[in-house]
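The values are calculated or read from the model by the stated rules, or taken from the named source; none is laboratory data. Note that the structure is predicted; figures quoted are calculated from it, not measured. When we count neighbours, we look across all protein chains shown, and the Cβ atoms used for this are built from the backbone with ideal geometry, even at glycine. Heavy atoms of the whole protein, side chains included, go into the accessibility calculation; ligands, DNA and RNA do not. Shrake-Rupley method; radii C 1.70, N 1.55, O 1.52, S 1.80 Å.
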Amino acid sequence: MTRRRLLFVFALAAVAFAQAPAPAPVPATAAIPAYKDLKYPPLHQIKIPEPIAFTLPNGMKVFLLEDHELPVFNGLALVRTGNLFDPADKRGLSSIMADVLRSGGTREKTGDQIDEELENIAASVESSMGETSASISFSGLSESSDRILRIFHGVLTGPEFRQDKIDLTITQMHSGLDRRNDDPQGIAEREIASIVYGRENSYGWTVEHEHLARIKREDLQAFYRRYYFPKNIQLAVYGDFSAPAMRAKLEALFADWKVEQPAVPAFPAVTAKPAPGAFLAEKSDVTQTFFTMGLLGGTLRDPDYPALEVATNILGSGFTSRLMSQIRTKMGLAYSIGAGWGAAYDHPGIFRIVGSTKSASTADALLAVRAEVEKMRTTEVTEQELRTAKDTVLNSFVFFFDSPSKTLNRLMNYEYYGYPKDFLFEYQKKIAAVTRADVLRVFRERANPANLSIVAVGNPQDFGKPLTGVGKVEKIDLSIPK
Amino acid sequence: MRPRFLLLLLPCLLAAQSVSDLQKSFEKKVTEFTLANGLHFIVIERHDAPVVSFHTYLNVGSVDDPGGQTGLAHMFEHMAFKGTSTIGTKNWVAEKAALAAVEQVYNRLEAERGRGTRADAKKVDALQMELAAAIEKADSLVEPNEYDRVVESNGGADMNASTAEDSTNYFYSFPSNRIELWFLMESTRFLDPVFREFYKERDVVREERRMRVESSSQGKLVEAMLATAYSAHPYRNMPGGWAGDIEHFRRPDAERFYRQYYVPANMTIGIAGDVNPVEARRMAKKYFGRLPARPLPSRYRTDEPVQEGEKRVAVASPAQPFLVIAYKRPDRHSPDSAAIDVLDAVLSDGRTGLIFKDMVRDKQIALGAGSQSEFPGGKYPSLFLFYVAPGTGHSVEENEQELYKIIDQVKAATVDAETLQRVKTKLRAGLIRKLASNSGLASELCSYYVAYGDWRKLFTELDEYNKVTAEDVQRVAKMYLVPEHRTVAYTYGPPSVPAQNGDGK
């Protein structure tokens, strides 16, 4: 009884609120325009910083950019190498090398001593390995720039690769590998790459315990020697300093580093074949299924890249996209859902749709997502969708220039991958020119749902409907080989 | 009003000097004003690029969730993107009636269900169908995601929101010629929010919990740890709330919550970037002046009773083990706060932190380990947290005991001068890095203003750090890192999960 009466009061309150007049006084609202009627002044001029570019006598390219807002000092050396160069039987080598490059110290100092010296001045020097580039970055207060540069120089030119730190990194990698099935999203991301690129090449393979066990100090040293030489490196320095003085410092600092090596070969080519179907990775301790659908995409050079970007945005980018509207807002089936074309600079990336849904709605969500892809390639998008997608890109264009370091990083990447300096502005023009017919055509040609590989990580005991409704199901073996 | 701490320790004199210079240069860029309704604005001018970041900080979070409705603050946060009576609707008069109809059917359904075992199953089924039809009708009058579309298509970047224990935050950036659009959109959503698509969004919020907590071994562990460490205070609940609470949210619950907590005096707004403060003030009055002044919400809060003895909780999980140890600590206004932060940095900042050096680098028993001085919030007495991911072949217990040895060490002896100085230098550099982005600035200045009544605390906090002595660090370690006030939480695997790499060492 009591509960019912309470509910009744409840209902009255709800109605009362719904019928209450808007709390704003009428005269005030009258002065408030509708968003459609707002007029915008022209945007203030975008100042594009011009870094100073030069090449040191030893062949290392340098970019300098002054920025005096804060007393900080940063830099990034980009090395032409990557984990795509890992030998098949020693996968993980390049990552271990990059880690120990820093932790293993230099001839004069151990890595632990470097840790203390850097942290005493609140600075950092970090080394890392990516797929198609390696980096050594540094950061600190401008008052310490000389000391930071000396340490950076030591790490870059004279790493010692001490054995105790090689052991530490390899032990850590073994432990990390044992944890690779703990995060369902991580499993979906790893498996989609393996399935789309294939498991037998460095784009798609996984590092196993047996590979780590084979890696020796000589391997690290050989990898380092092959790729870390001046002509193979670009260095960018930005922050609170004077460029002419910095140039003189760098010339003096790197005068003694004259190592030469033959030019680094091209990265291996992608040799992927479509692998359509559903791939199930069973995980018992989840209440959601994490899924990734993917197929081989393209590069940024691709003439259709701008149209593909617009199409993918309409399908699955931001809160306004079709996937968001349909799967999340209308069906309430997902919190996280989105798509990305995923173009890379130098090799085809993976077009991906990523999301998660409660176990019981796994098949429903996957089918609904695939239907949205199909719709993109059978019917033209609306004029409003096209305009929203283009406006979103074009009106946010200014954010490409909101910090000097973004501009600098972009220019370095263009240089590194051999792109024209005005690539971004060409992209802007091409986005503006994309038509509804383009969107339909590129998705017809490039995003055939019949080619989609679907990875689902979840608990099939709780799936409402069997996954076979989505396609032929292949089980993924998650066991970790010893 | 403006706190000053001019008595500085000698070794840091130079360092602190440059920070106070920075603060002075910031004073020139910052304009503050409060509207008649109590809404406070902090405007920071940075004209390097024609962009502006906005941050709306609500001094309300999941600690304010009503009993039995954990997650309601978060649910409202989602509703704040659903539009208004003019944005997001195809026909507001019809939609308003349809929304009211949904609630009426829902009330009848709940009344029938409320009969418990005497409920008529057929009636419940019929009402459920009726409810689904009423929801569908209301949804058909919605212009989907219009609010988001206006922001995104005008170049809005990184639009999102977050609900934490202590606060709710709404933020994005615009090209600077769109400032007025932000004023219009942001003021309108808090003046005239329409809670449309409420029950679909409730499903979305439920999915968010499945993703963040239920499908994550660490999420489940932290949830169990909080529920164990706190017996009474609402910090015991994760900000997303408990599943059963979420599944029963009703639209009027969220509307009541909004009316109680979304009052202008409970709101602070930070604007950083290419903005003219005079213009900002004019537009603030025009747009946010519309929000009616209302009294600040009362903050009745359950005090957490003193913990009497160690608590332990184990969570079964097939994932590799994880360990969390939490000690009770006072809230952020405690005079010990600065010393606790320094202790945290001594223990775990960077590669020179004691925990990394001992457990990860030298003994190699952990894949990762660290600490956090304040968790899950800071407004109320909170937790000093340690977390460890044991390395393969090393047990939770071994790691737990090793951690206690390190804690005993900081209690037994004072840290050396070099370590203490290093930590202070890093705290100073950390501040400078916080000043580098518009969005970071807008957010930091808001949260410091709300927590301490003055954004300058962001800078003056460093003076407090500089005053911390090695004895202070030892004292707070002894005072707070005590076994009686600790909660130990860990996951344990079924015995069938073997150590994969016992020979990898």
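The rows are residues; the columns are (1) touching a residue at least 12 places away in the same chain (Cβ under 8 Å); (2) at the interface with chain A (Cβ under 9 Å from one of its Cβ atoms); (3) in contact with a strand residue (DSSP E or B) (Cβ under 7 Å, 6 or more places away or on another chain).
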| residue | (1), (2), (3) |
| --- | --- |
| B:75 | yes, no, no |
| B:128 | yes, no, no |
| B:155 | yes, yes, yes |
| B:158 | yes, yes, yes |
| B:161 | yes, no, yes |
| B:167 | yes, no, yes |
| B:184 | yes, yes, no |
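When residue A:211 is tested against (1) part of a helix (DSSP H, G or I); (2) farther than 20 Å from residue A:84 by Cα; (3) in contact with a Lys or Arg (Cβ under 6 Å, 6 or more places away or on another chain); (4) not small (Gly, Ala, Ser), only condition (2) is not met. Among the residues of the range A:32-47, are any open to solvent by 70 Å² or more (accessible area, probe 1.4 Å), more than 30 Å from residue B:97 (Cα to Cα), more than 7 Å from chain B (Cβ to nearest Cβ) and modelled with pLDDT of 90 or more? Yes: the range A:32-47 contains one or more residues that are open to solvent by 70 Å² or more (accessible area, probe 1.4 Å), more than 30 Å from residue B:97 (Cα to Cα), more than 7 Å from chain B (Cβ to nearest Cβ) and modelled with pLDDT of 90 or more.
Pairs linking a residue in the range A:436-454 that is within 16 Å of residue A:382 (Cα to Cα) and open to solvent by 50 Å² or more (accessible area, probe 1.4 Å) to a residue that is outside any helix (DSSP H, G or I) and β-branched (Val, Ile, Thr), with Cβ atoms under 6 Å and 6 or more positions apart or on different chains, are A:436/A:381. When residue B:351 is tested against (1) surrounded by fewer than 24 Cβ atoms within 10 Å (Cβ to Cβ); (2) in contact with a strand residue (DSSP E or B) (Cβ under 6 Å, 6 or more places away or on another chain), just one condition goes unmet, and that condition is (2).
When residue A:279 is tested against the conditions (1) open to solvent by 10 Å² or more (accessible area, probe 1.4 Å); (2) among the aromatic types (Phe, Trp, Tyr); (3) at pLDDT 95 or above; (4) within 22 Å of the chain's Cα centre (by Cα), the lone failure is (4). When the residues of the range B:402-461 are filtered to those that are acidic (Asp, Glu) and within 30 Å of residue B:264 (Cβ to Cβ), the one that is least open to solvent (accessible area, probe 1.4 Å) is B:454.
Return the residues of the range B:433-457 that are in contact with a Ser or Thr (Cβ under 9 Å, 6 or more places away or on another chain) and within 14 Å of another protein chain (Cβ to nearest Cβ); say none if nothing qualifies. Once the filter is applied, which keeps residues that are in contact with a Ser or Thr (Cβ under 9 Å, 6 or more places away or on another chain) and within 14 Å of another protein chain (Cβ to nearest Cβ), the range B:433-457 yields B:433, B:436, B:437, B:438, B:439, B:440, B:441, B:442. Residues in the range B:83-115 that are part of a helix (DSSP H, G or I) and open to solvent by 30 Å² or more (accessible area, probe 1.4 Å): B:92, B:93, B:94, B:96, B:97, B:101, B:104, B:108, B:113. Being hydroxyl-bearing (Ser, Thr, Tyr), facing another protein chain (nearest Cβ under 10 Å) and crowded, with 24+ Cβ neighbours inside 10 Å is a condition met by at least one residue of the range A:286-309. Quick check on residue B:201: is it open to solvent by less than 20 Å² (accessible area, probe 1.4 Å), closer than 30 Å to residue B:96 by Cα and of a type in the set (D, E, K, R)? Taking the combined requirement at face value, the residue satisfies it.
Of the set (1) facing chain B (nearest Cβ under 10 Å); (2) without any contact (Cβ under 8 Å) to a residue 60 or more places away in the chain; (3) in contact with a Ser or Thr (Cβ under 7 Å, 6 or more places away or on another chain); (4) open to solvent by less than 30 Å² (accessible area, probe 1.4 Å), all apply to residue A:338 but (1).
Checking the structure you have, find out if any residue of the range B:160-176 is within 26 Å of residue B:239 (Cβ to Cβ) and part of a helix (DSSP H, G or I). No, the conditions are met nowhere in the range B:160-176. Looking across the range A:152-184, the residues that are among the polar types (S, T, N, Q) and open to solvent by less than 40 Å² (accessible area, probe 1.4 Å) come down to A:157, A:169, A:171, A:175, A:181.
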